[in-house]
1. Please give the contour-minus-distance gain from residue 247 to residue 383: 0.36 nm per residue of separation, less the Cα-Cα distance, rounded to one decimal in nm.
2. Using a Förster distance of 25 angstrom, determine the FRET efficiency expected from the C-beta separation of residue 527 and residue 485, and round it to 0.05.
3. With the crude spin-label approximation of a point 7 Å out along Cα→Cβ, what separation in nm comes out for residue 169 versus residue 146?
4. If each of residue 566 and residue 185 carries a label point 7 Å out from its Cα toward its Cβ, how far apart are those two points in nm?
5. With the cut-off at 1.5 for a/c, could you classify the stretch 101-202 from its C-alpha gyration tensor as rounded, prolate or oblate?
6. So how far apart, in nm, are the two label points at residue 265 and residue 113 if each is 7 Å from Cα heading toward Cβ?
7. Using a 1.4 angstrom probe with every protein chain in place, what is the largest-first accessible-area order of 196, 273, 237?
8. On a full-extension model of 0.36 nm per residue, what is the gain between residue 278 and residue 45, subtracting their alpha-carbon distance, rounded to one decimal in nm?
Amino acid sequence: KTNWRCLPNIIEAVNTAFPQIFGHSNSKHGRQGFEAEYLSFEPKRDEAKGVVRIINAPSSSTSHNSFNHELEARIALDIINKGLSQGKDYDDFALLFRSSNHMPEFEKLFRDKGVPFVVYGGESRYDLLSSLRSLFNVILNPNDDTCMLEVLKLPVFYTSEKDIYKLRKEGYSIWDVLGEHPVKDFVSRMRAIKDHGSFIEFVAEVLRVSKFIPSASLIFTGQDAGAEEAILRAAMHVEAEGEGIEYFLDFLYSMKGQDAGTKANAVKLMTVHASKGLEFNTVIIPCLDAPPRPAKDTIVISDDGGIAVKLGDDSTNKKLNTVLYQKIKEYEADADLAESKRILYVAMTRAKDELYMISDMNKGKKGLEGSRWVEWLAQVFKDRIEEYSVQEEEKFKTPKIKTVKVLNKDLTKEEVQRTKVTKRYSVSFLRDQHIKYEHKNIPDKISSGTIIHSILENWDKKDEVEAIYKRISPESVLNISRIINDFAGSELGQKIFSAPKALCEHPFAVLENGNIISGRIDRINIYDDRVWVLDYKTAVNEEDLLGYKTQIDCYVKFARKAFPGKKVLASIVDVSACKEYKE
């Protein structure tokens with residue numbers, strides 16, 4: 001009877017709710033093996049009271065049976081952002097759902113806002129790495145039906161379950177029966193070019209033609225939302241190793257493994273079933289108004305082995321329930337109702353410190369006689385339901401970076417451990433909070449930009465620059481060399497490359513309130529009385545300048561500490577336009 005997990009307020013809420021929920025039954029079978037008797041328990045933890053909030057989130061629909069969880073997702077995000085501003089980590093939060101069907105609205109909002117999340121108890125439908133591996137695997141092996149099924153479900157090739165079923169024919173692979181399906185044309189085109197030109201150009205072309213990034217998740221390996229850049233840098237690594245698709249697939253798999261598991265610093269999304277045996281500091285339970293979905297079986301089997309079939313009347317196209325069928329279905333409905341109560345109990349008792357339950361509480365009309373969680377909770381906690389005012393998004397965005405300490409221009413492992421760092425941010429993660437991805441360059445331009453970036457990184461290493469040119473196709477050499485030569489010969493380029501000393505692709509790490517902000521600076525020109533911090537871009541879209549400014553602000557704060565006594569200048573440089581944006 002002793003609870004070692006939950007703080008007292010959570011236990012009080014559970015002890016209040018479940019004697020009523022378990023004790024009420026309009027089941028014909030009562031407690032015949034279905035319903036449990038509730039036994040209250042006492043808290044072992046008493047260091048704090050804990051938080052329990054039942055939040056009303058009115059739906060935009062007035063229909064009792066229409067479900068819109070957009071506001072619930074925004075409230076959940078607001079709760080998370082407030083927690084972060086108070087020093088919590090992303091992995092302190094878990095969202096528990098009655099069904100995985102309710103997750104997409106939350107996934108989309110988190111993805112758009114740059115919130116790292118992991119889906120447990122089943123792959124996220126926005127799992128970028130799994131889908132990306134399948135995409136390249138079908139190019140390597142079109143007869144891999146498992147990967148082909150995943151590719152067919154990608155938005156750009158979307159194929160319904162019904163049509164996929166028609167493609168499954170005994171003795172044939174899906175590839176053999178695709179006919180003129182768009183995915184067949186795509187795979188054929190990519191197979192034709194995969195051994196021509198550079199590997200990075202091939203990867204960029206796959207991304208461009210498949211429209212993979214715009215139609216898939218922008219979340220990529222934890223906190224970095226720069227998926228295009230990350231994928232193409234992975235391709236550059238593969239190319240530098242002299243490898244191809246097979247190695248690339250293994251490399252992507254290893255990258256996915258880096259963030260797998262419950263240790264990832266990300267918000268956790270899972271069904272309540274998947275959460276059994278687990279615990280989380282803060283639990284958010286949305287979508288309480290979603291009803292259980294009864295199975296529509298044609299054949300049912302009772303526990304004692306009885307079999308019943310739902311009959312069809314060909315003349316009226318109606319289904320006729322036999323007496324035994326009806327009896328078994330009623331028995332199953334009672335069992336499902338009791339299970340639903342137990343699952344709600346599991347959900348609420350996963351919370352250690354804070355518990356938030358969110359729904360349109362006005363849809364809880366039937367009270368304890370209903371079958372939905374919102375009906376039970378609205379009845380039990382009718383005097384505790386609160387309205388929620390979502391705060392302005394700007395207020396709870398990632399805290400502004402303030403450099404308070406720089407350790408020898410970089411942080412050593414020992415120093416990080418001594419300061420008990422709890423979170424690490426990539427500087428590009430902060431940048432991408434402000435970038436509007438719909439304005440971002442298409443992947444083939446990003447590929448060129450990545451190559452240009454590498455050439456400028458190695459500007460003083462002529463052998464390395466020549467090696468980069470040798471790894472790309474003749475057509476790309478002409479295009480990229482033109483951009484590079486125009487930039488180097490421009491007044492801006494000459495000013496940049498005439499510095500007496502420069503540091504290129506220089507690593508940095510800044511410690512701020514226990515958080516590490518880290519990354520690499522494209523170029524730092526060093527003069528007697530000043531330093532000039534430069535961030536290279538290609539084809540700058542001015543709508544993204546806020547994100548770039550956030551990034552270069554971190555560089556400036558680092559430079560002021562790393563080069564005391566020198567004036568710090570900073571510029572965002574659009575190489576392709578030979579244009580400078582001064583900060």
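1. Once the chain is fully extended between residue 247 and residue 383, it gains 43.0 nm.
2. Numbers: r = 26 Å, r/R0 = 1.02.
E between residue 527 and residue 485, to the nearest 0.05, is 0.45.
3. 2.5
4. 5.6
5. Oblate is the answer for the stretch 101-202, as a/c is 1.5 or above yet b/c matches or exceeds a/b.
6. That separation, rounded to one decimal, is 1.9 nm.
7. Sorted descending by solvent-accessible area, the residues read 196, 273, 237.
8. Here the answer is 82.1 nm.
The values are calculated or read from the model by the stated rules, or taken from the named source; none is laboratory data. Note that this is a predicted model, so its numbers are computed, not measured. Here Cβ is always computed from backbone atoms with ideal geometry, including for glycine, and neighbour counts include all displayed protein chains. Please note that ligands, DNA and RNA were not included when accessible areas were found on the heavy atoms of the full protein model with its side chains. Shrake-Rupley method; radii C 1.70, N 1.55, O 1.52, S 1.80 Å.
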